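S.K.: Dumping the structure here so I can ask a few things about it.
The values are calculated or read from the model by the stated rules, or taken from the named source; none is laboratory data. Bear in mind that the values here come from a model prediction, so they are computed numbers and not experimental data. Cβ sites come from the backbone with ideal geometry, for glycine too, and all protein chains shown count toward neighbours. Ligands, DNA and RNA are stripped out before the accessible areas are found, and what is left, the full protein with its side chains, is counted by its heavy atoms. Shrake-Rupley method; radii C 1.70, N 1.55, O 1.52, S 1.80 Å.
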Amino acid sequence: MYNSVDELQVALNEQDYIAERGLSVAIYLALKTGKPLFLEGDAGVGKTEIAKVLSTALSTELIRMQCYEGLDVNTAVYEWNYAGQILHLRLMENEGLAREAMESELFSERFLLKRPLLQAIEQSRAGQAPVLLIDELDRSDEEFEAFLLELLSDFQISIPELGTVTATVPPVVVVTSNRTREIHDALKRRCLYYWIDYPHFHKELQIVERKAPDVPRMLARQITAFIQDMRSLELFKRPGIAETLDWTAALIALDQNELSLETVQDTLGVILKYQDDVEMLDPTTIQNMIDRAKVEAQRA
């Protein structure tokens with residue numbers, strides 16, 4: 001565990017994650033207090049990456065639960081291995097075991113299929129707290145969100161057949177949301193909250209150069225300036241840091257040293273994911289953005 005915010009920030013930097021002071025403070029407090037960290041922001045700003053970096057920095061396992069509509073307890077927490085139970089039941093019937101003995105055998109950990117939430121609690125009981133990533137919670141239903149309240153309050157899970165499983169040491173919980181819907185206040189109150197915004201020019205340039213060390217410096221500046229300019233447009237989906245890095249990799253693969261109209265047109269699908277957004281960028285608009293990016297790159 002880290003003794004100061006500065007020490008944590010250095011550890012994140014060593015994992016190539018560039019975090020501003022406010023985010024580092026939020027992560028540090030989450031580690032110190034044992035409270036879940038709730039991260040909100042547009043897709044592609046680096047929320048999920050924080051959990052991955054933390055698991056590496058803390059030398060512990062990352063357990064990830066990807067949320068989606070219709071997610072239920074059987075998928076997120078546990079379910080019983082019904083096929084295995086039926087086979088075992090037939091064997092026990094052949095052996096003439098009593099009903100009470102059969103029930104005890106059937107509903108034991110032997111036939112319990114542990115899903116991400118239960119895995120995290122059980123590992124914490126063993127004293128090795130993992131990083132539990134509950135990713136894109138806003139994609140799940142409100143019923144599942146309500147179920148999480150017990151977990152995030154007491155770090156325990158109730159299994160009717162076996163009892164309550166409680167963590168000895170709370171796992172490091174990171175909850176993310178792209179804000180496609182509002183998360184209930186009851187859940188937010190159980191967490192430390194931080195909004196992650198798109199990075200400013202110099203931070204994004206630093207990320208590009210750190211993640212793609214082979215990129216020519218002037219091209220890196222032009223890419224960053226172009227993406228920053230693009231985010232000011234009325235797009236359905238603005239490009240995130242992930243798209244910036246993907247575009248950088250694509251331009252390196254095409255042996256580009258600077259932006260050109262032809263290259264940008266050919267690679268728009270790397271940055272933009274909706275046809276309406278692509279059609280918004282006509283050749284004149286793209287050329288003007290390239291010109292502005294080159295001017296900004298010279299200033300940087």
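S.K.: What residue, of Q298, Q222, is in a helix (DSSP H, G or I) and open to solvent by 50 Å² or more (accessible area, probe 1.4 Å)? Working first, answer last.
M.R.: Numbers: Q222 fails: open to solvent by 50 Å² or more (accessible area, probe 1.4 Å).
Going through Q298, Q222 in turn, the sole match is Q298.
S.K.: In addition: Identify the single condition in (1) open to solvent by 20 Å² or more (accessible area, probe 1.4 Å); (2) in a helix (DSSP H, G or I); (3) out of contact with any Asp or Glu (no Cβ under 8 Å at 6 or more places or on another chain); (4) not β-branched (V, I, T) that K203 does not satisfy, given that it satisfies every other one.
M.R.: Unmet for K203, out of (1) open to solvent by 20 Å² or more (accessible area, probe 1.4 Å); (2) in a helix (DSSP H, G or I); (3) out of contact with any Asp or Glu (no Cβ under 8 Å at 6 or more places or on another chain); (4) not β-branched (V, I, T): (3).
S.K.: If you don't mind, there's one more thing I want to ask. Among the residues of segment 163-178, which ones are open to solvent by 10 Å² or more (accessible area, probe 1.4 Å) and among the polar types (S, T, N, Q)? Give the derivation first.
M.R.: Of segment 163-178, the ones open to solvent by 10 Å² or more (accessible area, probe 1.4 Å) are 163-170, 172, 178.
Matches in segment 163-178: T164, T166, T168, N178.
S.K.: Something else: Please specify each residue of segment 206-215 satisfying the condition of being open to solvent by 60 Å² or more (accessible area, probe 1.4 Å) and touching an Asp or Glu at 6+ places or on another chain (Cβ under 8 Å).
M.R.: Of everything in segment 206-215, those that are open to solvent by 60 Å² or more (accessible area, probe 1.4 Å) and touching an Asp or Glu at 6+ places or on another chain (Cβ under 8 Å) turn out to be R210, K211.
S.K.: Tell me, which residue of segment 184-196 that is modelled with pLDDT of 95 or more and either within 21 Å of K237 (Cβ to Cβ) or among the charged types (D, E, K, R) (or both) is surrounded by the most Cβ atoms within 10 Å (Cβ to Cβ)?
M.R.: I196
S.K.: I'd like the residue in segment 1-15 that is open to solvent by less than 60 Å² (accessible area, probe 1.4 Å) and not in a helix (DSSP H, G or I) and, out of all such residues, is modelled with the highest pLDDT. Give the steps one after another, and end with the answer.
M.R.: To start, the set of residues in segment 1-15 that are open to solvent by less than 60 Å² (accessible area, probe 1.4 Å) comprises 2, 4-5, 8-9, 11-12.
So of that shortlist, the ones also not in a helix (DSSP H, G or I) come out as 2, 4.
Numbers: Y2: 87, S4: 94.
Among those residues, the one meeting the criterion is S4.
S.K.: Turning to a different aspect of this structure: Specify which of the listed residues (G269, G240) is exposed (fewer than 15 other Cβ atoms within 10 Å of the Cβ) and of a type in the set (G, A, S). Break it down stepwise before answering.
M.R.: Numbers: G240 fails: exposed (fewer than 15 other Cβ atoms within 10 Å of the Cβ).
Exactly one of G269, G240 is exposed (fewer than 15 other Cβ atoms within 10 Å of the Cβ) and of a type in the set (G, A, S), namely G269.
S.K.: In segment 48-80, what residues are open to solvent by 70 Å² or more (accessible area, probe 1.4 Å), closer than 24 Å to I157 by Cα and more than 11 Å from the chain's Cα centre (by Cα)?
M.R.: Residues satisfying the conditions are E61, Y68, E69, N74.
S.K.: Moving on to the next point. Does L151 meet the test of being open to solvent by less than 20 Å² (accessible area, probe 1.4 Å) and over 18 Å from the mean Cα position of the chain (by Cα)? Full working, then the answer.
M.R.: Numbers: open to solvent by less than 20 Å² (accessible area, probe 1.4 Å): yes; over 18 Å from the mean Cα position of the chain (by Cα): yes.
It is true that L151 is open to solvent by less than 20 Å² (accessible area, probe 1.4 Å) and over 18 Å from the mean Cα position of the chain (by Cα).
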